[in-house]
Amino acid sequence: MKLLFLLLLFANIATQADVVKPALVEISIFENKTLEVRIDLNLEAAMTGIGTQYKNTTDSPDSARYDELRALEPNNLRQKFKKFETEFLNSLQLKINSEQQSLSLTQVDIDIVGYKKRPRKTTLTYTAKLTEWPKALSWQYGKIHGDSALRWQIYQANEYNWSQWQWLRGGDPSGVIHIDHPEFQSDTQRFFQFIKIGFDHVVPLGWDHILFIIGMALSSLLWGRLLILVSAFTLAHTLTLGLAMIEVLEVSARFVEPLIAFSIAYVAIENLLIKQSIKRKTVIVFLFGLVHGLGFAGMLQEFELSPESFLSTLIGFNVGVELAQVMIVTVVVMLLLSLRALGWNYRQLVVIPVSVLIALIGFWWGLERLFG
C-alpha cells in the first residue's frame with residue numbers, strides 16, 4: 001500500500017506541469033509597406049517570466065501564478081495582458097534597415113481554457129507601417145522568454161514565399177537578415193533541420209511518447225521482438241502522420257489526446273503479464289502507433305509546410321523521431337541487461353514497479369484529458 005501511495009503521488013506530480021515551448025514568430029512584409037508580426041506563444045508563461053530555461057512550469061517559482069492565469073477565460077486573460085503588454089513589447093526588438101520599429105497590437109487570439117494541463121495557444125498580431133521598402137531585418141525575442149523560431153515572407157515576383165525556420169536559442173538575436181534575396185533552403189538542408197525538430201519533439205518535449213516507448217522497451221530483452229514492435233509502431237505513426245499532413249485524415253485532438261494517454265497505460269499493464277503474445281502485442285502497438293501519428297501531425301501542421309517541402313520535411317521529422325526512439329530503447333535495454341548481468345531480478349526491481357508507475361500516469365492523463 002505504501003508503494004502504491006508513492007506511485008500515485010508521483011503520478012499526480014508528473015501531471016501538474018506544462019512543458020514550456022518555444023514561441024513561433026512570423027514576420028510578413030506586404031506590398032504596401034505594411035509589416036505584420038504574428039507571435040504564437042504560451043501567453044501565461046510569458047506573463048509570469050517562465051521561459052524555456054525551465055523544463056516545465058512547475059520548475060519556476062512563479063508556477064502558482066501561471067496556474068491562476070491558465071484557468072482564466074480568454075476575455076479575462078486578455079484584460080490581464082493589457083497591463084503587461086508594455087513590458088512584453090520592451091522585451092522584443094525588431095529592426096528594419098537598422099531602424100527600430102514601433103509595433104501596434106491589432107489582434108489577440110486566445111484559445112479556450114480547455115484541458116488545463118497542456119499549454120494554451122495564444123496568437124498576438126502586431127503591425128507597423130514602414131517608411132521605406134525593407135532591405136534587411138533583425139529580430140530578437142526577450143531573453144526572459146527563452147527559445148523561439150522565426151520565419152519571414154516578403155512580396156516578390158507577385159507572390160509571397162516563406163523563408164526557412166530559424167531557431168533562436170535563449171533569446172539570441174537573429175542577426176541581420178538580407179530579405180531582398182532570402183537564402184534558398186535545399187531539400188538536404190530542410191531534411192537535416194527537421195531531423196532535429198523530430199528528435200526534440202520526443203526528447204525532451206514528448207513525455208507521452210517517451211513513456212510509451214519505455215513501456216514498450218520493458219516488455220522484452222530480445223532484440224528481435226523489440227525490433228518487430230518498434231517497426232510496427234514506426235510504420236503506423238508514419239502512415240497516419242503522412243495522411244494527416246496531406247489532409248486526407250483528420251481527427252480531433254479531443255479524441256486523440258485521451259487515446260494516447262490510455263495507450264501508455266495499456267502497453268505498461270501488458271508488461272505485468274507473465275506470458276505475452278508477440279503477435280497480439282505487435283497488433284496493439286501498431287494500432288496505438290496510428291493514434292500517436294495523429295498527435296505528431298498536430299505539432300507538424302503548425303509549420304504550414306509548402307507542397308515542395310513536404311517529402312523532405314516528413315522524412316526528416318520521422319528520422320528524428322526514430323533516432324530518439326532508438327536511443328530510449330537502447331538505454332532501457334542496456335539498464336536491464338546490466339542488472340541481469342549482476343544477478344539481480346530486474347523484473348522485480350525495475351520492470352514491474354516502473355510499468356505500474358507508467359500505467360498510473362497514463363490512466364491519470366487519460367481521465368484528465370477526457371474530463372479536465
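Starting from the alpha-carbon convex hull of region 170-261, give the projected area averaged over all orientations, in nm².
Details: hull surface 38.8 nm².
Projected area, direction-averaged: 9.7 nm².
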Q | Total formal charge among the other residues, if their Cβ is under 12 angstrom from that of GLN79, Lys/Arg +1 and Asp/Glu -1 | A | +2
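What whole-number value in cubic angstrom gives the convex hull volume per residue for the C-alpha atoms of region 280-372? All intermediate terms of the calculation are to be shown ahead of the outcome.
Values: hull volume 12.6 nm³, N = 93.
Convex hull of Cα atoms, per residue: 136 Å³.
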Q) Given springs between every Cα pair under 10 Å in a Gaussian network model of the chain, which of LEU168, LEU272, LEU222 has the largest fluctuation? A) LEU222
Q.
In Å and on Cα atoms, what radius of gyration and Dmax does region 75-203 show?
A. 16.9, 46
Q.
I want the antiparallel fraction of DSSP beta bridges within the chain, as a percent rounded to 5.
A. 85 percent
Q. Where in the chain are the DSSP H helices whose alpha-carbon span along the long axis reaches 20 Å or more and whose Kyte-Doolittle mean is at least 0.0?
A. 223-245, 253-270, 278-300, 310-341, 352-371
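Just to check, using Stokes-Einstein with a Kirkwood Rh over alpha carbon pairs, what's the diffusion coefficient of region 44-84 at 20 °C and 1.002 mPa s in µm²/s?
Approximately 205 µm²/s, per Stokes-Einstein.
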**Q.** Length gained when the stretch ASP200-ARG38 is fully extended (0.36 nm per residue, less Cα-Cα span)
**A.** 56.0 nm
**Q.** Spatially proximal aspartates and glutamates relative to LYS281 (Cα-Cα < 14 Å; intrachain offsets below 8 disregarded)
**A.** GLU270
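Just list whichever of LYS82/LYS196; LYS82/LYS117; LYS117/LYS279 have alpha carbons separated by over 27 Å in the model shown.
Working: LYS82/LYS196 36 Å; LYS82/LYS117 24 Å; LYS117/LYS279 35 Å.
In this structure, LYS82/LYS196; LYS117/LYS279 lie more than 27 Å apart at Cα.
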Q: Over the chain, calculate the relative contact order: mean separation of alpha carbon pairs under 8 Å at least 6 apart, over the residue count, as a percent.
A: 19 percent
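By how many nm would the segment from LYS143 to ILE246 grow when fully extended, if each residue of separation counts as 0.36 nm and the alpha-carbon distance is taken off?
Numbers: separation 103, 0.36 × 103 = 37.08 nm, distance 3.60 nm.
This chain segment gains 33.5 nm when fully extended.
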Q: State, in angstrom, two size descriptors of the chain derived from its alpha carbons: Rg to one decimal place and Dmax to the nearest whole number.
A: 22.7, 75
**Q.** Pairs of Cα atoms farther than 14 Å apart, region 191-234, %
**A.** 58 percent
Q | Label-zone membership for region 265-283, site LEU227, 7 angstrom Cα→C-beta point, backbone N under 17 Å | A | 278-279, 282
(Q) Quick check: from the Cα gyration tensor, does region 247-293 come out rounded (a/c under 1.5), prolate or oblate? (A) oblate
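What is region 221-372's relative contact order, in percent, from Cα pairs under 8 angstrom and six or more apart in sequence? Intermediate values should be presented prior to the final figure.
Values: 124 pairs, mean separation 65.6, N = 152.
Once normalised by length, the contact order is 43 percent.
Given the rule -39500 (n - 2.57) for each run of at least 4 DSSP H residues, summed and divided by the residues of the chain, what is its mean residue ellipticity at 222 nm, to the nearest 500 deg cm²/dmol? Walk me through the numbers before you get to the answer.
Working: 11 runs with 186 residues, N = 372.
Theoretical 222 nm ellipticity from helices: -16500 deg cm²/dmol.
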Q: Compute the distribution of all C-alpha to C-alpha distances in region 47-132, in bins of 10 Å from 0, and list the percent of pairs in each, rounded to whole numbers.
A: 14, 41, 31, 12, 2
**Q.** Dmax and Rg, reported as Rg then Dmax, of region 214-275 (C-alpha, Å)
**A.** 14.1, 42
Q. When ranked by the protection proxy of mean other Cβ atoms within 10 Å per residue, highest first, what sequence do the peptides 284-290, 34-40 form?
A. 284-290, 34-40
Q: Let me know the charge dipole size of the chain about its Cα centre in debye, to the nearest 20, where only the beta-carbon of Lys, Arg (+1) and Asp, Glu (-1) is charged.
A: 1460 debye
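Values in this text are rule-based calculations from the coordinates and carry no lab data. Note that the coordinates shown come from a computational prediction; the quantities given were computed from them, not determined experimentally. Every residue, glycine among them, receives a Cβ derived from its backbone with ideal geometry; neighbour counts consider all protein chains shown.
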